[in-house]
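Contents: one structure, followed by commentary.
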Amino acid sequence: MARQQRGYVDRTRDFLKQEKVKYFIGGAIATVAIGKILETEIAHNAAVSATAGILNLKDSVEEKVENIKEDAEDIHAEAQEKQKIEIYGPEDEEEKDEEDEAE
């Protein structure tokens, strides 16, 4: 009987020495530990602060993108105006503006 128990112990040790088993056990322990940590008030507050920071960053990026779009639209409009002047010439543009004002 003692010999049979020794066989179980040896097989258990051999089983626990396998690399995949070590990773599985380590993962299970880490999962439980992280779950307990996340239940704390400190973790909750940290998650709320991180989320608020990300939302602020998102708003800032959206604002900058909107400014870039507006600048691009202004540049495009100026380029179109310059193109009209080059095609018609500054004198023709002035006459056209005067005609528009007269109407």
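The values are calculated or read from the model by the stated rules, or taken from the named source; none is laboratory data. Here the structure is a predicted model, which is why all the values come from computation and not from measurement. All Cβ positions, glycine included, derive from the backbone under ideal geometry; neighbour counts span all protein chains shown.
Quick check: anything in region 39-49 assigned to a helix (DSSP H, G or I) and touching a Phe, Trp or Tyr at 6+ places or on another chain (Cβ under 9 Å)? No, region 39-49 has no match at all.
Here is a yes/no grid of residues against (1) surrounded by 10 or more Cβ atoms within 10 Å (Cβ to Cβ); (2) of a type in the set (A, V, I, L, M, F, W, C); (3) in contact (Cβ under 8 Å) with a residue 40 or more places away in the chain:
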| site | (1), (2), (3) |
| --- | --- |
| TYR8 | no, no, no |
| HIS44 | yes, no, no |
| ALA47 | yes, yes, no |
| ALA50 | yes, yes, no |
| GLY53 | yes, no, no |
| ASN56 | yes, no, no |
| LYS82 | yes, no, no |
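In this structure, does LYS96 turn out to be surrounded by 10 or more Cβ atoms within 10 Å (Cβ to Cβ) and modelled with pLDDT under 85? Criteria met by LYS96.
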